[in-house]
Amino acid sequence: MKIGKALSSVGLVTAAALTLVACGKNSSGGNAAKQAGKFPEQTPVKAVKDGGTLSYAIEADTPFTGIFSNELESSATDTDVMQFGNEALFDTNDQYTINNKGPATFDFDRKAKTITIEVKKGVKWSDGKQVVAKDVEYPYEIIGNKATASQRYTASLQDIVGMSAYHSGKAKTISGIDMPDGPNGRKVVLHFNVMKPGMLQSGNGYFWESAAPYHYLKDVPFKKLISSDQIRKRPLFFGPYKMSKLVRGQSATWVRNPYYWRGRPKLDKITESVLSTNSVSQAIKSHKFDVIGVVNSQWKQVKDTKKVNFVANIPLQYSYLGFKVGKFDAKKNKNVMNPKAKMNNTSLRRAIAYAMNIDEVQKHYTSGLTFRVPTLIPAQFGQYFNSKIKGFNYNLKKANSLLDKAGYKKKGTYRVQPNGKALTIRLAAMSGSSIQEPIIQNYIQQWKKIGLHVVLTTGRLIEFNSFYDKVENDASNVDMFMAGWSLSSEPSPNDLYNEQAPFNFTRFVTKENTDYLKKIDSPQSFNKAYRTKAFQGWQKYMFDQAYVVPTTNAYSITAVNNKVSGYSLQPSHANSVWANAGFVK
């Protein structure tokens, strides 16, 4: 599962973002959650004037990375920063089904095992060049070439004919991608080994939903692409705005793309800047920004603010506790599980999960706006969500029983491993808002209650970029970690949890997991009942094994200047929201 503003991208979530977003139904309740559930998903629609400068807050406690490429970025924050120019190839309806109203049309041929994409005439990059077939094909080269080290290369993309051969270096081109009218035409035909049910949904991972400006990037070697000025300083997009100024990691300014295909954007300029989460409530009350996300722990301070419209939804996102049980083998391009890993004990993992008093913590700090979720498939996916799984309710008695039966005996305050050796569990967690430290320390105390000695990996919370550097590179001083995913609108978990997924940060690999993931994305799953059964079975398996434990999600509330019209969180508006947003007359 993968998403940001561009519906096909996975997003690593900051600790700050984990306090802002959610999925599932509130289990602990509260007036704040009920209030958020009644907020609309868009501001009132009114006639807008031409011009004006809109200010937008990027809530983050560290500088944004600044990788402005869908093919190379992996941070939800970078996706947020580039949203004003970063338009996807396809529009969708509110159920995320692809339609032909966007920059390109989409033709699905299950019998021929092809998808045909045709860019509309007049869809132009911000330098005035038409978006052509080569621009649609080039992202596959960027992702597939090992020199870029893109984390977007997944098992799903390998269903494109010739993709694996290109990735391994056995072929110089991707044989399954045709450009019938040549690279400067507008049509691309993708040939697949097998067709999958998720291909009709945006965010499916089997084909790429963005274009990359080949004429602008072609002279940059793949290994230098991620650090190039074309990506870091002067990116090209074909959306409504183009980047005119950048202060690395801190702010960006956007002005109208004069070649925008939908017509003249309403605003003259958009300015965005990083804002510490601890400063959000004051910024909302002082109207410092026109659009700013609410930090849920600060809701009481801002709920009565005048001259703003609150909009809210439950985004496809979740936080989780992951347990390291292996490493990623770059040479073999796959995750390799270590049977002897410290955390490769189901009873230990489940005991840790049962000892977390998540409901109590979130009710205390966020009035229930952030809440516990039971499975790794959000409830928004309807029948695919397994409502029978209640998750890891707080249960110290059960946690202690699991450890006792598994041979983790107490010696003094803490337990030892079944082999009699001392047990210290090193936890990596991100720094964030003011509530992050007390929440993490609370969980450490909860684990102490069941005799587990848990310490922070570095003795303190870790800055976002350093945190993911440790997690992605399987640092030896990380036994478990607390992170989050911004998800895609197609619910398949394949690209996060399969054997070849770089994003499978726990590195667990089992035959049962592989079999479930194959069933979810198999041709048989064009039958929705079959796919539903596979989804529900996978969730039950993941709950039983607890390699990844879903913890919380939250209502996402945004404070919008009441003079702004056209701001929307609805999926059908996601690809065009900034083409329409403006100040009321």
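Computed from the coordinates by the stated procedures, all read-outs in this text should not be read as laboratory data. Not measured: the values here are computed from a predicted model. Neighbour counts are summed over all protein chains in view; Cβ atoms, including those assigned to glycine, are modelled from backbone coordinates with ideal geometry.
In whole angstrom, how far apart do the alpha carbon centroids of region 256-270 and region 430-486 sit? When both Cα centres are located, 43 Å separates them.
A straight Cα-to-Cα reach below 14 Å connects K533 with the aspartates and glutamates D515, D521, residues fewer than 8 places away in its own chain not being considered. Highest mean packing comes first when the peptides 142-148, 94-100 are listed by Cβ atoms within 10 Å, giving 142-148, 94-100. With 0.36 nm allotted per residue and the present C-alpha distance subtracted, the K129-D107 stretch has 5.5 nm of extension available.
Taken along the Cα-to-beta-carbon direction at a fixed 7 Å, the label points for D329 and N465 span 3.2 nm. Working from label points 7 Å from Cα in the Cα-to-Cβ sense, the T413 to K397 distance is 2.7 nm. If you work out mean projected area of the Cα convex hull in nm² from the coordinates, which of [x] 27.8; [y] 31.6; [z] 24.6 do you get? Read-out taken from this structure: [z].
Distance between the C-alpha centers of region 535-583 and region 362-382? Whole Å please. That distance is 12 Å.
Between T305 and N93, what's the calculated FRET efficiency when r is the beta-carbon distance and R0 is 35 Å? Round to 0.05.
On the way: r = 33 Å, r/R0 = 0.94.
Taking R0 as 35 Å, the efficiency between T305 and N93 is 0.60.
Put the Cα centre of region 56-133 next to the Cα centre of region 141-216 and the gap is 15 Å. Cross-link partners of K324 among aspartates and glutamates, defined as those whose alpha carbon lies under 15 angstrom from its own and excluding same-chain residues fewer than eight positions apart: D469, E472, D474, D479, E499. Taking amide H as placed 1.01 Å from N in the peptide plane, K124 has its amide H under 5 Å from the amide H of V131, W261, each at least 5 places away in sequence or on another chain. Couplings for region 247-264, taken from phi via the Karplus curve 6.51 cos²θ - 1.76 cosθ + 1.60 with θ = phi - 60°, read 10, 3, x, 10, 7, 8, 10, 10, 10, 4, 7, x, 9, 4, 6, 7, x, 5 Hz in order; Gly and Pro are left as x. Taking amide hydrogens as placed 1.01 Å from N in the peptide plane, the amide H of L569 sits under 5 Å from those of Q42, each at least 5 positions away in sequence or on another chain. Of the peptides 575-581, 72-78, the order by per-residue mean of other Cβ atoms within 10 Å, starting with the highest, comes out as 72-78, 575-581. Here's how it looks for I58: its modeled amide H is under 5 Å from those of S273, V274, L275, which are all 5 or more places away or on a different chain.
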